[in-house]
1. List nothing, just return the count: lysine pairs in the chain, 8 or more apart or interchain, with Cα separation under 25 Å.
2. Near the amide H of R146, under 5 Å away, which other amide H atoms are found, from residues 5 or more places off or on another chain, if H is placed in the peptide plane?
3. For the chain, the longest stretch holding no trypsin sites (Lys or Arg not before Pro) located in a DSSP loop with at most 15 other Cβ atoms within 10 Å is which?
4. What does the highest-first list of 168-174, 124-130 look like by mean Cβ count within 10 Å?
5. Amide H to amide H, which residues 5 or more places from V119 or on other chains are under 5 Å from it, using H placed in the peptide plane?
6. Scan around A70 for amide H atoms under 5 Å from its own, H built in the peptide plane at 1.01 Å from N, and keep only partners 5 or more places away or cross-chain.
7. Residue by residue through region 42-50, which ³J(HN,Hα) values in whole Hz follow from phi under the Karplus form 6.51 cos²θ - 1.76 cosθ + 1.60 (θ = phi - 60°), with glycine and proline marked x?
8. Taking N as the number of residues in region 112-244, what value does Rg over Cα atoms divided by 2.2 N^0.38 Å take?
Amino acid sequence: MSIGLERCFLFDAVEDSYPVTGITGTIPEALRGTYYVNGPARFRRGDLCYKHWLDGDGMVCSVRFGADGAHFTNRFVQTRKLQEEDAAGRFLYRGFGTAFPGDRLRQDIMLEPPVNVSVYPFAGSVLAFGEQTLPYALDPVTLETRGEYDFNGKLNQISPFAAHAKIDPVSGNMLNFGISYSANQPMANVYEFDPDGNQIRRRRYRLRYPHSNHDFGVTPDHAIFFLSPLLMDFGKFWGGVSVMESLCWQPELGSRILIAPRGPKAEAFEVMAGQGYCLHLINCFEQGKRMVIDILELESPVYPEYQTIPTCSPRSVPAGRCAT
Ligand SMILES: [Fe+2]
């Protein structure tokens, strides 16, 4: 591992806001607007260091390009988890890859999220997303946290809500999904909200297995899921181990593509799709009666490659290929 990568986990991130200086040349006039990125930024408190890249508390960074130059801002997402742990001076909640004695969960059933995965401008705010939970709304300029965003009261603290929402480029609607991990009947929930955050519809689709799913695709008429045979065992999780330790890779079950109509009438259907693993889709679109789904397919899951901090080294990531 290089020293540079190791430093990502060992420094104390500080919040700041300043003009970017030292720019050589001229920022093109066509380049106007703000670039946002979210990612994990705090991995240690006291004697406890998180084990996994996905454990760290979310910090959003922005670079705003205007006629007066570029301006950088970064702030932690002021989650309930962060505020309680700041007050306590130690980690209190279980992480994605780190469980510890006495760790806490949200309502004793799910992670209290670090909100460290993604960020999307929407409905007058910037929404920072974690995995399987409501996003937090931030001020688009200062990045100050406004609070948990519940889509005008439609969702709640335990609504399943994934981290890679999609914006419909025509309507401006936001679509997202969330997996309900019922032991008897896991379901994929698909939500659609108008540009003001009002829920237009929520549909539920039965799943054969409790798939751990991180991303999905959207076309004008469908939501598409590549359901890899990486299954979440909540029995293990509630027994005290991390999410990482609760995931079970079962390639013998095969992978499936679930095609779920966005509209209210048509039924969903599945297509078997080998035994590969897909963390992120690349693109989905429809050409007449033909649907094209582009994915990055790996031989097996990659989550184990991102531990144990700070000596993890994602050099053994399994071979991947673009598949259509
Ligand atoms: Fe992702």
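The values are calculated or read from the model by the stated rules, or taken from the named source; none is laboratory data. Remember, it's a predicted structure, so these values are computed and weren't measured experimentally. Virtual Cβ from ideal backbone geometry, glycine too; neighbours counted across all protein chains shown. Note: accessible area is taken over every heavy atom of the protein model, side chains too, but ligands, DNA and RNA are not part of it. Shrake-Rupley method; radii C 1.70, N 1.55, O 1.52, S 1.80 Å.
1. Value for the chain: 9.
2. Under 5 Å from the amide H of R146 lie the amide H atoms of A137, L138, D139, each far enough along the sequence or on another chain.
3. On the way: sites that count: R32, R90, K154, R208, K265, K289, R315.
So the longest stretch without any such site is 91-153.
4. Numbers: 168-174: 14.4, 124-130: 22.9.
Sorting 168-174, 124-130 by mean packing, highest first, produces 124-130, 168-174.
5. Distant-sequence amide H within range of V119: N38, F129.
6. Those lying under 5 Å, H to H, from A70 are V20.
7. Whole-Hz 3J(HN,Hα) from phi for region 42-50: 10, 10, 9, 9, x, 8, 9, 10, 4.
8. Details: Rg = 15.0 Å, N = 133, 2.2 N^0.38 = 14.1 Å.
Its radius of gyration relative to the 2.2 N^0.38 Å reference: 1.06.
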